[in-house]
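The structure under discussion appears below in the form of C-alpha coordinates.
The values are calculated or read from the model by the stated rules, or taken from the named source; none is laboratory data. As the structure is a computational prediction, the values presented were derived from the model and not from experiment. Cβ sites come from the backbone with ideal geometry, for glycine too, and all protein chains shown count toward neighbours. Surface accessibility is based on the protein's heavy atoms, side chains included, excluding ligands, DNA and RNA. Shrake-Rupley method; radii C 1.70, N 1.55, O 1.52, S 1.80 Å.
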Amino acid sequence: MTSTEGTGGLLVEDVSVRFGGVVALRDVSLTAAPNTVTGIIGPNGAGKTTLYNALCGLVRADSGRISWRGTPLLGRRPDELAGLGVARTLQGMNLFPLMTVAENVMVGADRLARGGTLAALTGLGRVGRDERRLRARALDALAEFGVAHLAEALPPSLPFGLRKRVALARALAADPDLLLLDEPAGGLSAEEIAELAERIRGFRERMTVLLVEHHMDMVMDVCDHIAVLNFGRVIAAGPPEAIRADAAVTEAYLGDAA
Amino acid sequence: MEQLAELVLNGVSSGAVYAALALSLMIIYQATRVVNFAQPGLALIAAYTAFSVTRATGSYWLGFVLALVVGGALGVLAERLLIRPVQRRSELSAIIVTLGLLMLLQGVAGMVWSNEPHSFPYPLDFRGRFSATDAFAVAAVGVTALGLLLLFRYTPLGLRMRAAAFRPEVARMVGVRVGLMLTVGWGIASVIGALAGMLAVPPFIFPNVLDGVFVYGITAAVIGGLDNPFGAVLGGFTLGIGLSLVSGYLGPELVTLAALVIVVVVLSLRPDGLFTRPRARQV
(Lines give C-alpha, C1' and ligand atoms only; values in the text may rest on other atoms or scores of the structure.)
Protein backbone atom coordinates (compact mmCIF):
# COMPACT_ATOMS: atom_id res chain seq x y z
CA MET A 1 0.00 0.00 0.00
CA THR A 2 3.02 2.27 -0.30
CA SER A 3 1.68 3.74 -3.54
CA THR A 4 -1.09 5.53 -1.63
CA GLU A 5 1.36 7.62 0.35
CA GLY A 6 1.54 11.24 -0.55
CA THR A 7 -1.24 11.12 -3.14
CA GLY A 8 -3.99 12.14 -0.80
CA GLY A 9 -6.38 9.21 -0.87
CA LEU A 10 -9.88 10.31 -1.79
CA LEU A 11 -10.46 13.98 -2.47
CA VAL A 12 -13.96 15.39 -2.94
CA GLU A 13 -13.99 19.10 -3.75
CA ASP A 14 -17.03 21.36 -4.05
CA VAL A 15 -19.28 18.73 -5.55
CA SER A 16 -22.84 19.81 -6.37
CA VAL A 17 -25.63 17.63 -7.74
CA ARG A 18 -29.03 18.96 -8.76
CA PHE A 19 -32.07 16.96 -9.76
CA GLY A 20 -34.24 19.46 -11.59
CA GLY A 21 -34.83 22.19 -9.01
CA VAL A 22 -33.75 20.08 -6.05
CA VAL A 23 -30.20 20.49 -4.84
CA ALA A 24 -29.15 17.08 -3.54
CA LEU A 25 -25.54 18.06 -2.84
CA ARG A 26 -24.24 21.61 -2.43
CA ASP A 27 -20.49 22.24 -2.59
CA VAL A 28 -19.63 19.10 -0.70
CA SER A 29 -15.95 18.69 0.12
CA LEU A 30 -14.34 15.95 2.10
CA THR A 31 -11.18 13.89 2.18
CA ALA A 32 -10.44 10.34 3.18
CA ALA A 33 -6.82 9.64 4.03
CA PRO A 34 -5.35 6.36 2.80
CA ASN A 35 -5.97 3.35 5.02
CA THR A 36 -8.54 5.03 7.22
CA VAL A 37 -12.26 4.55 7.77
CA THR A 38 -14.29 7.67 7.05
CA GLY A 39 -17.89 7.74 8.19
CA ILE A 40 -20.54 9.72 6.33
CA ILE A 41 -23.61 10.27 8.46
CA GLY A 42 -26.68 12.41 8.37
CA PRO A 43 -30.47 12.19 8.49
CA ASN A 44 -32.39 10.45 5.71
CA GLY A 45 -32.35 12.53 2.56
CA ALA A 46 -29.17 14.35 3.56
CA GLY A 47 -27.41 13.31 0.34
CA LYS A 48 -25.31 10.35 1.46
CA THR A 49 -26.46 8.00 -1.27
CA THR A 50 -26.27 10.77 -3.87
CA LEU A 51 -22.65 11.32 -2.87
CA TYR A 52 -21.92 7.61 -3.38
CA ASN A 53 -23.72 7.66 -6.71
CA ALA A 54 -21.66 10.64 -7.83
CA LEU A 55 -18.49 8.83 -6.73
CA CYS A 56 -19.49 5.75 -8.72
CA GLY A 57 -20.50 7.55 -11.87
CA LEU A 58 -24.20 6.68 -11.47
CA VAL A 59 -25.15 10.33 -11.06
CA ARG A 60 -23.59 13.21 -12.94
CA ALA A 61 -22.19 15.93 -10.72
CA ASP A 62 -23.02 19.43 -11.93
CA SER A 63 -19.77 20.84 -10.61
CA GLY A 64 -16.78 19.98 -8.48
CA ARG A 65 -13.95 17.47 -8.59
CA ILE A 66 -13.45 14.00 -7.16
CA SER A 67 -10.13 12.23 -7.32
CA TRP A 68 -8.73 9.00 -5.97
CA ARG A 69 -4.94 8.82 -5.62
CA GLY A 70 -4.71 11.77 -7.95
CA THR A 71 -6.89 10.15 -10.66
CA PRO A 72 -10.08 12.09 -11.43
CA LEU A 73 -13.21 9.97 -10.96
CA LEU A 74 -15.96 12.24 -12.21
CA GLY A 75 -17.24 11.56 -15.70
CA ARG A 76 -16.14 7.94 -15.74
CA ARG A 77 -18.41 5.01 -16.49
CA PRO A 78 -19.31 2.96 -13.43
CA ASP A 79 -17.57 -0.13 -14.82
CA GLU A 80 -14.27 1.77 -15.18
CA LEU A 81 -14.21 2.48 -11.46
CA ALA A 82 -13.90 -1.18 -10.59
CA GLY A 83 -10.76 -1.21 -12.72
CA LEU A 84 -9.40 1.70 -10.67
CA GLY A 85 -9.83 -0.32 -7.49
CA VAL A 86 -13.09 1.19 -6.30
CA ALA A 87 -15.72 -1.25 -4.97
CA ARG A 88 -19.11 -0.57 -3.48
CA THR A 89 -21.75 -2.49 -1.60
CA LEU A 90 -25.37 -1.48 -2.04
CA GLN A 91 -28.11 -1.01 0.51
CA GLY A 92 -30.31 -3.55 -1.24
CA MET A 93 -27.31 -5.88 -1.66
CA ASN A 94 -28.44 -6.79 -5.17
CA LEU A 95 -26.92 -10.18 -5.58
CA PHE A 96 -27.57 -11.78 -8.96
CA PRO A 97 -30.54 -14.03 -8.15
CA LEU A 98 -30.10 -16.81 -10.71
CA MET A 99 -26.35 -17.18 -10.18
CA THR A 100 -24.79 -19.21 -7.39
CA VAL A 101 -23.07 -17.49 -4.48
CA ALA A 102 -19.68 -18.45 -5.92
CA GLU A 103 -20.62 -17.05 -9.35
CA ASN A 104 -21.83 -13.82 -7.77
CA VAL A 105 -18.47 -13.34 -6.11
CA MET A 106 -16.58 -14.39 -9.24
CA VAL A 107 -18.15 -11.51 -11.17
CA GLY A 108 -16.86 -9.19 -8.43
CA ALA A 109 -13.36 -10.65 -8.66
CA ASP A 110 -13.32 -10.33 -12.41
CA ARG A 111 -11.01 -7.34 -12.75
CA LEU A 112 -8.19 -9.53 -11.46
CA ALA A 113 -8.54 -12.19 -14.12
CA ARG A 114 -9.29 -10.39 -17.29
CA GLY A 115 -8.21 -12.12 -20.45
CA GLY A 116 -10.34 -9.66 -22.42
CA THR A 117 -13.55 -10.38 -24.26
CA LEU A 118 -11.90 -11.30 -27.54
CA ALA A 119 -9.54 -13.71 -25.83
CA ALA A 120 -12.51 -15.21 -24.04
CA LEU A 121 -14.24 -15.86 -27.36
CA THR A 122 -11.20 -17.41 -28.98
CA GLY A 123 -8.60 -18.80 -26.59
CA LEU A 124 -10.39 -21.46 -24.63
CA GLY A 125 -7.36 -22.78 -22.71
CA ARG A 126 -6.68 -19.40 -21.19
CA VAL A 127 -10.33 -18.97 -20.29
CA GLY A 128 -10.26 -22.24 -18.38
CA ARG A 129 -7.31 -20.98 -16.36
CA ASP A 130 -9.04 -17.64 -15.73
CA GLU A 131 -12.15 -19.44 -14.60
CA ARG A 132 -10.24 -21.58 -12.11
CA ARG A 133 -8.31 -18.61 -10.79
CA LEU A 134 -11.51 -16.61 -10.38
CA ARG A 135 -13.25 -19.46 -8.60
CA ALA A 136 -10.31 -19.93 -6.22
CA ARG A 137 -10.30 -16.22 -5.48
CA ALA A 138 -14.07 -16.18 -4.91
CA LEU A 139 -13.83 -19.12 -2.51
CA ASP A 140 -11.07 -17.35 -0.59
CA ALA A 141 -13.25 -14.28 -0.23
CA LEU A 142 -16.22 -16.37 0.87
CA ALA A 143 -14.04 -18.21 3.36
CA GLU A 144 -12.89 -14.89 4.84
CA PHE A 145 -16.53 -14.20 5.67
CA GLY A 146 -17.21 -17.72 6.87
CA VAL A 147 -19.62 -18.60 4.07
CA ALA A 148 -17.49 -20.77 1.78
CA HIS A 149 -19.83 -23.71 2.43
CA LEU A 150 -22.63 -21.76 0.70
CA ALA A 151 -20.73 -21.43 -2.59
CA GLU A 152 -23.23 -23.44 -4.62
CA ALA A 153 -26.39 -21.99 -3.03
CA LEU A 154 -28.64 -19.50 -4.83
CA PRO A 155 -28.81 -16.13 -3.01
CA PRO A 156 -32.63 -15.92 -2.67
CA SER A 157 -32.55 -19.10 -0.58
CA LEU A 158 -30.24 -17.56 2.05
CA PRO A 159 -31.19 -15.65 5.19
CA PHE A 160 -30.60 -11.89 5.21
CA GLY A 161 -27.45 -11.83 7.32
CA LEU A 162 -25.72 -14.39 5.15
CA ARG A 163 -26.69 -12.58 1.94
CA LYS A 164 -25.07 -9.45 3.39
CA ARG A 165 -21.87 -11.38 3.95
CA VAL A 166 -21.92 -12.64 0.39
CA ALA A 167 -22.38 -9.07 -0.87
CA LEU A 168 -19.38 -7.97 1.21
CA ALA A 169 -17.35 -10.90 -0.06
CA ARG A 170 -18.22 -9.88 -3.63
CA ALA A 171 -16.95 -6.34 -3.02
CA LEU A 172 -13.79 -7.58 -1.29
CA ALA A 173 -13.03 -10.25 -3.91
CA ALA A 174 -11.98 -7.50 -6.32
CA ASP A 175 -9.23 -6.59 -3.82
CA PRO A 176 -10.33 -2.94 -3.89
CA ASP A 177 -8.21 -0.03 -2.69
CA LEU A 178 -11.26 2.10 -1.94
CA LEU A 179 -14.35 0.45 -0.51
CA LEU A 180 -17.69 2.26 -0.28
CA LEU A 181 -19.99 0.61 2.24
CA ASP A 182 -23.68 1.54 2.13
CA GLU A 183 -25.43 0.73 5.42
CA PRO A 184 -23.65 -2.57 5.99
CA ALA A 185 -25.16 -2.92 9.49
CA GLY A 186 -28.77 -2.41 8.39
CA GLY A 187 -30.96 -5.29 9.50
CA LEU A 188 -28.21 -7.13 11.37
CA SER A 189 -28.35 -8.35 14.98
CA ALA A 190 -26.21 -6.74 17.69
CA GLU A 191 -23.88 -9.69 17.59
CA GLU A 192 -23.50 -9.52 13.82
CA ILE A 193 -22.87 -5.76 14.04
CA ALA A 194 -20.07 -6.27 16.55
CA GLU A 195 -18.47 -8.80 14.23
CA LEU A 196 -18.89 -6.48 11.24
CA ALA A 197 -17.27 -3.59 13.13
CA GLU A 198 -14.28 -5.78 13.86
CA ARG A 199 -13.97 -6.66 10.18
CA ILE A 200 -14.20 -3.05 9.02
CA ARG A 201 -11.42 -2.05 11.41
CA GLY A 202 -9.39 -4.85 9.83
CA PHE A 203 -10.06 -3.61 6.28
CA ARG A 204 -8.00 -0.52 7.10
CA GLU A 205 -4.76 -2.44 6.68
CA ARG A 206 -5.63 -3.25 3.08
CA MET A 207 -7.72 -0.33 1.81
CA THR A 208 -9.43 2.97 2.40
CA VAL A 209 -13.02 2.69 3.57
CA LEU A 210 -15.99 5.04 3.30
CA LEU A 211 -18.90 4.10 5.51
CA VAL A 212 -22.48 5.34 5.21
CA GLU A 213 -24.31 4.00 8.22
CA HIS A 214 -27.20 4.80 10.54
CA HIS A 215 -25.97 2.69 13.40
CA MET A 216 -24.25 5.45 15.41
CA ASP A 217 -22.49 3.27 17.94
CA MET A 218 -20.78 1.37 15.18
CA VAL A 219 -19.86 4.55 13.28
CA MET A 220 -18.32 6.12 16.39
CA ASP A 221 -16.57 2.85 17.11
CA VAL A 222 -14.90 2.12 13.79
CA CYS A 223 -14.35 5.51 12.10
CA ASP A 224 -11.16 7.52 12.18
CA HIS A 225 -12.91 10.51 10.72
CA ILE A 226 -16.56 11.47 10.24
CA ALA A 227 -18.33 13.89 7.90
CA VAL A 228 -21.90 14.90 8.68
CA LEU A 229 -24.26 15.78 5.85
CA ASN A 230 -27.55 17.62 6.22
CA PHE A 231 -29.67 19.02 3.39
CA GLY A 232 -26.87 18.29 0.94
CA ARG A 233 -24.17 20.18 2.83
CA VAL A 234 -21.32 19.10 5.05
CA ILE A 235 -22.27 20.59 8.43
CA ALA A 236 -19.43 19.10 10.44
CA ALA A 237 -16.31 16.99 9.98
CA GLY A 238 -13.74 15.65 12.37
CA PRO A 239 -12.76 12.76 14.61
CA PRO A 240 -15.61 10.85 16.33
CA GLU A 241 -15.17 12.61 19.69
CA ALA A 242 -15.51 16.03 18.10
CA ILE A 243 -18.59 14.97 16.14
CA ARG A 244 -20.22 13.55 19.23
CA ALA A 245 -19.80 16.92 20.95
CA ASP A 246 -20.83 19.06 17.96
CA ALA A 247 -23.97 21.10 18.58
CA ALA A 248 -24.96 21.37 14.92
CA VAL A 249 -24.89 17.60 14.57
CA THR A 250 -27.02 17.07 17.63
CA GLU A 251 -29.50 19.54 16.28
CA ALA A 252 -29.64 17.93 12.83
CA TYR A 253 -30.41 14.60 14.41
CA LEU A 254 -32.77 15.89 17.10
CA GLY A 255 -34.65 17.89 14.52
CA ASP A 256 -35.12 14.83 12.36
CA ALA A 257 -34.16 11.32 13.20
CA ALA A 258 -33.47 11.30 16.94
CA MET B 1 -44.05 -48.09 -37.44
CA GLU B 2 -41.93 -47.52 -40.52
CA GLN B 3 -43.79 -44.29 -41.17
CA LEU B 4 -43.49 -43.13 -37.56
CA ALA B 5 -39.71 -43.58 -37.58
CA GLU B 6 -39.47 -41.71 -40.85
CA LEU B 7 -41.57 -38.82 -39.57
CA VAL B 8 -39.63 -38.55 -36.33
CA LEU B 9 -36.31 -38.48 -38.18
CA ASN B 10 -37.61 -35.79 -40.51
CA GLY B 11 -38.82 -33.88 -37.51
CA VAL B 12 -35.44 -34.09 -35.80
CA SER B 13 -33.62 -32.49 -38.71
CA SER B 14 -36.09 -29.65 -39.17
CA GLY B 15 -36.21 -29.34 -35.37
CA ALA B 16 -32.46 -28.65 -35.38
CA VAL B 17 -33.07 -25.54 -37.48
CA TYR B 18 -35.90 -24.35 -35.23
CA ALA B 19 -33.68 -24.98 -32.20
CA ALA B 20 -30.87 -22.86 -33.65
CA LEU B 21 -33.25 -20.00 -34.41
CA ALA B 22 -34.82 -20.29 -30.97
CA LEU B 23 -31.35 -20.16 -29.39
CA SER B 24 -30.46 -16.99 -31.25
CA LEU B 25 -33.75 -15.36 -30.22
CA MET B 26 -33.31 -16.52 -26.63
CA ILE B 27 -29.80 -15.06 -26.25
CA ILE B 28 -30.95 -11.61 -27.31
CA TYR B 29 -34.21 -11.77 -25.41
CA GLN B 30 -32.47 -12.81 -22.22
CA ALA B 31 -30.00 -9.94 -22.41
CA THR B 32 -32.27 -7.18 -23.65
CA ARG B 33 -35.95 -8.27 -23.46
CA VAL B 34 -36.15 -7.65 -27.18
CA VAL B 35 -37.49 -10.25 -29.63
CA ASN B 36 -35.23 -9.82 -32.62
CA PHE B 37 -37.58 -9.90 -35.61
CA ALA B 38 -34.66 -8.91 -37.83
CA GLN B 39 -33.05 -12.31 -37.27
CA PRO B 40 -34.28 -13.89 -40.52
CA GLY B 41 -33.12 -10.75 -42.37
CA LEU B 42 -29.62 -10.96 -40.89
CA ALA B 43 -29.48 -14.69 -41.66
CA LEU B 44 -30.76 -14.01 -45.17
CA ILE B 45 -27.92 -11.61 -46.02
CA ALA B 46 -25.49 -14.12 -44.52
CA ALA B 47 -26.89 -16.89 -46.72
CA TYR B 48 -26.81 -14.69 -49.84
CA THR B 49 -23.17 -13.93 -49.02
CA ALA B 50 -22.50 -17.67 -48.96
CA PHE B 51 -24.37 -17.99 -52.24
CA SER B 52 -22.17 -15.39 -53.95
CA VAL B 53 -18.94 -16.69 -52.43
CA THR B 54 -19.72 -20.29 -53.37
CA ARG B 55 -20.64 -19.28 -56.90
CA ALA B 56 -17.42 -17.29 -57.27
CA THR B 57 -15.03 -19.77 -55.67
CA GLY B 58 -16.78 -23.11 -56.03
CA SER B 59 -16.22 -23.84 -52.34
CA TYR B 60 -19.34 -24.47 -50.26
CA TRP B 61 -17.44 -24.38 -46.97
CA LEU B 62 -15.70 -21.07 -47.65
CA GLY B 63 -19.18 -19.61 -48.25
CA PHE B 64 -20.46 -21.30 -45.10
CA VAL B 65 -17.73 -19.81 -42.88
CA LEU B 66 -18.08 -16.35 -44.41
CA ALA B 67 -21.84 -16.52 -43.89
CA LEU B 68 -21.30 -17.02 -40.16
CA VAL B 69 -18.78 -14.16 -40.07
CA VAL B 70 -21.04 -11.79 -42.00
CA GLY B 71 -24.07 -12.81 -39.91
CA GLY B 72 -22.22 -12.07 -36.66
CA ALA B 73 -20.87 -8.76 -37.96
CA LEU B 74 -24.34 -7.65 -39.08
CA GLY B 75 -25.71 -8.51 -35.63
CA VAL B 76 -23.01 -6.42 -33.95
CA LEU B 77 -23.64 -3.48 -36.30
CA ALA B 78 -27.41 -3.71 -35.84
CA GLU B 79 -27.03 -3.60 -32.06
CA ARG B 80 -24.58 -0.71 -32.05
CA LEU B 81 -26.11 1.47 -34.76
CA LEU B 82 -29.85 0.78 -34.59
CA ILE B 83 -30.94 -0.93 -31.40
CA ARG B 84 -28.85 0.82 -28.77
CA PRO B 85 -29.95 4.35 -29.67
CA VAL B 86 -33.64 3.50 -29.33
CA GLN B 87 -33.54 0.93 -26.59
CA ARG B 88 -32.99 3.48 -23.89
CA ARG B 89 -36.47 4.78 -24.63
CA SER B 90 -38.30 1.47 -24.54
CA GLU B 91 -38.05 -2.16 -25.51
CA LEU B 92 -41.06 -1.71 -27.77
CA SER B 93 -39.22 0.87 -29.90
CA ALA B 94 -36.33 -1.56 -30.24
CA ILE B 95 -38.68 -4.36 -31.34
CA ILE B 96 -40.25 -2.10 -33.95
CA VAL B 97 -36.78 -1.18 -35.20
CA THR B 98 -36.00 -4.89 -35.63
CA LEU B 99 -39.18 -5.27 -37.72
CA GLY B 100 -38.16 -2.33 -39.88
CA LEU B 101 -34.68 -3.76 -40.27
CA LEU B 102 -36.15 -7.07 -41.45
CA MET B 103 -38.06 -5.33 -44.23
CA LEU B 104 -35.05 -3.26 -45.17
CA LEU B 105 -32.74 -6.29 -45.38
CA GLN B 106 -35.24 -8.30 -47.44
CA GLY B 107 -35.65 -5.33 -49.77
CA VAL B 108 -31.90 -4.91 -50.14
CA ALA B 109 -31.48 -8.63 -50.79
CA GLY B 110 -34.07 -8.40 -53.59
CA MET B 111 -32.26 -5.44 -55.13
CA VAL B 112 -28.81 -7.00 -54.96
CA TRP B 113 -29.58 -10.64 -55.73
CA SER B 114 -33.02 -10.22 -57.40
CA ASN B 115 -36.32 -11.61 -56.16
CA GLU B 116 -36.02 -14.69 -58.37
CA PRO B 117 -35.10 -17.92 -56.60
CA HIS B 118 -31.54 -19.15 -57.13
CA SER B 119 -30.58 -22.71 -56.44
CA PHE B 120 -28.64 -23.06 -53.20
CA PRO B 121 -26.46 -26.08 -52.42
CA TYR B 122 -26.86 -28.47 -49.50
CA PRO B 123 -23.75 -28.88 -47.34
CA LEU B 124 -23.56 -32.66 -47.86
CA ASP B 125 -25.51 -35.45 -49.51
CA PHE B 126 -29.18 -34.82 -48.88
CA ARG B 127 -30.76 -37.95 -50.34
CA GLY B 128 -32.46 -40.72 -48.39
CA ARG B 129 -33.74 -41.05 -44.87
CA PHE B 130 -31.69 -39.06 -42.35
CA SER B 131 -29.09 -38.00 -44.88
CA ALA B 132 -25.60 -36.69 -44.20
CA THR B 133 -27.05 -33.17 -44.39
CA ASP B 134 -29.61 -34.00 -41.70
CA ALA B 135 -26.89 -35.45 -39.49
CA PHE B 136 -24.78 -32.34 -40.06
CA ALA B 137 -27.68 -30.08 -39.03
CA VAL B 138 -28.30 -31.99 -35.82
CA ALA B 139 -24.60 -32.16 -34.98
CA ALA B 140 -24.01 -28.46 -35.71
CA VAL B 141 -26.89 -27.40 -33.50
CA GLY B 142 -25.85 -29.85 -30.78
CA VAL B 143 -22.30 -28.47 -30.76
CA THR B 144 -23.66 -24.91 -30.70
CA ALA B 145 -25.92 -25.62 -27.74
CA LEU B 146 -23.11 -27.32 -25.87
CA GLY B 147 -20.77 -24.43 -26.65
CA LEU B 148 -23.31 -21.94 -25.31
CA LEU B 149 -23.76 -23.98 -22.17
CA LEU B 150 -20.01 -24.04 -21.56
CA LEU B 151 -19.75 -20.33 -22.34
CA PHE B 152 -22.49 -19.27 -19.94
CA ARG B 153 -21.69 -21.69 -17.17
CA TYR B 154 -17.93 -22.05 -17.17
CA THR B 155 -16.29 -18.93 -18.52
CA PRO B 156 -15.73 -15.49 -16.98
CA LEU B 157 -17.17 -13.94 -20.16
CA GLY B 158 -20.34 -16.00 -19.76
CA LEU B 159 -20.56 -14.94 -16.13
CA ARG B 160 -20.29 -11.30 -17.12
CA MET B 161 -22.92 -11.74 -19.80
CA ARG B 162 -25.32 -13.33 -17.34
CA ALA B 163 -24.64 -10.67 -14.72
CA ALA B 164 -25.27 -7.95 -17.31
CA ALA B 165 -28.54 -9.61 -18.32
CA PHE B 166 -29.89 -10.09 -14.79
CA ARG B 167 -28.96 -6.81 -13.12
CA PRO B 168 -27.29 -4.37 -15.48
CA GLU B 169 -26.83 -1.59 -12.91
CA VAL B 170 -25.26 -3.87 -10.34
CA ALA B 171 -23.13 -5.58 -12.97
CA ARG B 172 -21.82 -2.18 -14.01
CA MET B 173 -20.85 -1.43 -10.48
CA VAL B 174 -18.83 -4.59 -10.08
CA GLY B 175 -16.95 -3.68 -13.23
CA VAL B 176 -18.85 -5.39 -16.04
CA ARG B 177 -18.95 -3.48 -19.34
CA VAL B 178 -22.65 -4.02 -19.82
CA GLY B 179 -22.85 -2.35 -23.24
CA LEU B 180 -20.06 -4.53 -24.59
CA MET B 181 -21.78 -7.64 -23.23
CA LEU B 182 -24.95 -6.73 -25.13
CA THR B 183 -22.99 -6.31 -28.34
CA VAL B 184 -21.24 -9.64 -27.82
CA GLY B 185 -24.65 -11.25 -27.19
CA TRP B 186 -26.05 -9.88 -30.45
CA GLY B 187 -22.96 -11.07 -32.28
CA ILE B 188 -23.14 -14.61 -30.92
CA ALA B 189 -26.90 -14.78 -31.51
CA SER B 190 -26.51 -13.62 -35.09
CA VAL B 191 -23.80 -16.18 -35.84
CA ILE B 192 -26.21 -18.87 -34.64
CA GLY B 193 -29.00 -17.29 -36.68
CA ALA B 194 -26.76 -17.40 -39.76
CA LEU B 195 -26.10 -21.08 -39.08
CA ALA B 196 -29.86 -21.69 -38.93
CA GLY B 197 -30.22 -19.82 -42.22
CA MET B 198 -27.56 -21.93 -43.94
CA LEU B 199 -29.36 -25.08 -42.79
CA ALA B 200 -32.84 -23.85 -43.67
CA VAL B 201 -32.32 -22.19 -47.05
CA PRO B 202 -31.59 -25.09 -49.46
CA PRO B 203 -32.64 -25.92 -52.11
CA PHE B 204 -33.58 -22.36 -53.18
CA ILE B 205 -32.76 -18.88 -51.92
CA PHE B 206 -35.06 -15.88 -52.37
CA PRO B 207 -35.73 -12.86 -50.10
CA ASN B 208 -38.62 -14.42 -48.16
CA VAL B 209 -37.18 -17.91 -47.92
CA LEU B 210 -36.69 -17.77 -44.14
CA ASP B 211 -40.06 -16.27 -43.17
CA GLY B 212 -41.81 -19.58 -42.56
CA VAL B 213 -38.90 -21.13 -40.71
CA PHE B 214 -38.64 -18.05 -38.53
CA VAL B 215 -42.27 -18.40 -37.46
CA TYR B 216 -41.46 -21.91 -36.29
CA GLY B 217 -38.29 -20.65 -34.62
CA ILE B 218 -40.37 -18.20 -32.57
CA THR B 219 -42.84 -20.97 -31.81
CA ALA B 220 -39.99 -23.17 -30.57
CA ALA B 221 -38.66 -20.35 -28.40
CA VAL B 222 -42.09 -19.77 -26.89
CA ILE B 223 -42.53 -23.48 -26.20
CA GLY B 224 -39.13 -23.66 -24.56
CA GLY B 225 -39.41 -20.41 -22.68
CA LEU B 226 -37.44 -17.47 -24.00
CA ASP B 227 -35.22 -17.53 -20.97
CA ASN B 228 -33.20 -20.70 -21.16
CA PRO B 229 -31.01 -22.48 -23.71
CA PHE B 230 -32.18 -26.00 -22.81
CA GLY B 231 -35.73 -24.90 -23.36
CA ALA B 232 -34.88 -23.41 -26.74
CA VAL B 233 -33.23 -26.63 -27.92
CA LEU B 234 -35.91 -28.93 -26.50
CA GLY B 235 -38.59 -26.62 -27.87
CA GLY B 236 -37.00 -26.76 -31.33
CA PHE B 237 -36.84 -30.54 -31.46
CA THR B 238 -40.27 -31.02 -29.89
CA LEU B 239 -41.80 -28.69 -32.43
CA GLY B 240 -39.93 -30.27 -35.33
CA ILE B 241 -41.09 -33.77 -34.42
CA GLY B 242 -44.60 -32.65 -33.53
CA LEU B 243 -45.12 -30.79 -36.81
CA SER B 244 -43.65 -33.66 -38.79
CA LEU B 245 -46.18 -36.03 -37.18
CA VAL B 246 -49.02 -33.60 -37.89
CA SER B 247 -47.90 -33.32 -41.49
CA GLY B 248 -47.59 -37.11 -41.94
CA TYR B 249 -50.75 -38.24 -40.18
CA LEU B 250 -53.11 -35.30 -40.59
CA GLY B 251 -51.86 -33.59 -43.73
CA PRO B 252 -49.21 -30.95 -44.52
CA GLU B 253 -51.82 -28.19 -44.88
CA LEU B 254 -52.41 -28.34 -41.12
CA VAL B 255 -48.79 -27.69 -40.09
CA THR B 256 -49.01 -23.91 -39.78
CA LEU B 257 -52.31 -24.17 -37.96
CA ALA B 258 -50.83 -26.74 -35.57
CA ALA B 259 -47.94 -24.39 -34.77
CA LEU B 260 -50.42 -21.61 -34.01
CA VAL B 261 -52.48 -23.91 -31.77
CA ILE B 262 -49.32 -24.93 -29.90
CA VAL B 263 -48.34 -21.30 -29.29
CA VAL B 264 -51.82 -20.39 -28.04
CA VAL B 265 -52.05 -23.41 -25.74
CA VAL B 266 -48.54 -22.93 -24.32
CA LEU B 267 -49.00 -19.21 -23.77
CA SER B 268 -52.31 -19.70 -21.96
CA LEU B 269 -51.19 -22.61 -19.77
CA ARG B 270 -47.48 -21.99 -19.18
CA PRO B 271 -46.62 -18.49 -20.37
CA ASP B 272 -43.00 -18.91 -19.24
CA GLY B 273 -42.62 -21.95 -21.50
CA LEU B 274 -42.82 -25.69 -20.96
CA PHE B 275 -39.19 -26.15 -20.04
CA THR B 276 -38.66 -23.39 -17.51
CA ARG B 277 -38.91 -23.80 -13.80
CA PRO B 278 -41.58 -21.53 -12.37
CA ARG B 279 -39.68 -18.44 -11.36
CA ALA B 280 -38.88 -17.72 -7.73
CA ARG B 281 -40.35 -14.35 -6.94
CA GLN B 282 -37.91 -11.73 -5.74
CA VAL B 283 -39.25 -9.74 -2.82
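Summing both sides, how much accessible area is buried between B and A? Use a 1.4 Å probe and give Å² to the nearest 100.
2600
Between region A:65-108 and region B:6-25, what's the alpha-carbon centroid distance in Å?
Cα centroid to Cα centroid, the span is 42 Å.
Got a sec to turn the phi values of region B:113-125 into Karplus ³J(HN,Hα) couplings, 6.51 cos²θ - 1.76 cosθ + 1.60 with θ = phi - 60°, whole Hz, x for Gly and Pro?
10, 6, 7, 6, x, 10, 6, 10, x, 7, x, 9, 4
Going by average Cβ density within 10 Å per residue, which order do the peptides B:156-164, B:28-36 take, highest to lowest? Walk me through the numbers on the way to the answer.
Numbers: B:156-164: 24.2, B:28-36: 22.1.
Ranked from most to least packed, the peptides come out as B:156-164, B:28-36.
Within 10 Å of each Cβ in peptide B:142-153, how many partner chain Cβ atoms are there on average? Round it to a whole number, please.
The shielding value for this peptide is 1.
Provide the FRET efficiency to the nearest 0.05 for the A:Thr31-A:Gln91 pair, computing r from the beta carbons and using R0 = 30 Å. If you can, show how the numbers build up before the last one.
Working: r = 24 Å, r/R0 = 0.80.
About 0.80, to the nearest 0.05.
Can you tell me the orientation of helix A:160-173 relative to chain A, as the angle in degrees between its alpha-carbon axis and the longest Cα principal axis, to the nearest 10?
80
Is the shape of chain B rounded, prolate or oblate, going by the alpha carbon gyration tensor and its root eigenvalues a ≥ b ≥ c, with a/c under 1.5 for rounded and a/b larger than b/c for prolate? List each step's numbers first, then the result.
Details: a/c = 1.65, a/b = 1.21, b/c = 1.37.
Because a/c hits 1.5 or more and a/b fails to exceed b/c, chain B counts as oblate.
So which residues of region A:87-106 lose at least 40 Å² of accessible area, probe 1.4 Å, when you go from the chain by itself to every protein chain present?
In region A:87-106, residues shielded by partner chains: A:Asn94, A:Phe96, A:Pro97, A:Leu98, A:Met99, A:Glu103.
Return the whole-Å distance between the Cα centroid of region B:226-257 and the Cα centroid of region A:178-218.
56
Is region B:1-80 best put as rounded, prolate or oblate by its Cα gyration tensor, with a ≥ b ≥ c the root eigenvalues, rounded for a/c under 1.5, and otherwise prolate when a/b is larger than b/c, oblate when not?
Judged from the Cα gyration tensor, region B:1-80 comes out oblate (a/c at least 1.5, b/c at or above a/b).
Out of region A:1-103, which GluC sites (Glu not before Pro) are coil in DSSP terms and have no more than 13 other C-beta atoms within 10 Å?
A:Glu5
At a 10 angstrom cut-off on C-beta neighbours, averaged per residue, how do the peptides A:53-65, A:207-219 rank from highest to lowest?
Final packing ranking: A:207-219, A:53-65.
Return one whole number: the accessible area per residue of region B:16-206 in Å², for a 1.4 Å probe.
Per residue, region B:16-206 has 40 Å² of solvent-accessible surface.
For chain A, with every protein chain kept in place, what is the accessible area per residue (1.4 Å probe, Å²)?
On the way: 11060 Å² over 258 residues.
Here the residues of chain A average 43 Å² of exposed surface.
Could you work out, residue by residue across B:176-189, how many beta carbons of other chains sit within 10 Å of that residue's beta carbon, and then give the average as an integer?
Partner-chain Cβ atoms within 10 Å, mean over residues of B:176-189: 2.
List, by residue number, every residue in region B:156-175 with a reduction of 50 Å² or greater in accessible area between the chain on its own and the complete protein assembly, 1.4 Å probe.
By number: B:Pro156, B:Leu157, B:Leu159, B:Arg160, B:Phe166, B:Arg167, B:Val170, B:Arg172, B:Met173, B:Val174, B:Gly175.
Roughly to the nearest percent, how much of the accessible area of the protein assembly as shown is carbon and sulfur, given a 1.4 Å probe?
That fraction is 61 percent.
Compute the length gained on full extension between B:Asn208 and B:Glu91: take 0.36 nm times their separation in residues and subtract their Cα-Cα distance, giving the result in nm to one decimal.
Stretched fully, the B:Asn208-B:Glu91 segment lengthens by 39.5 nm.
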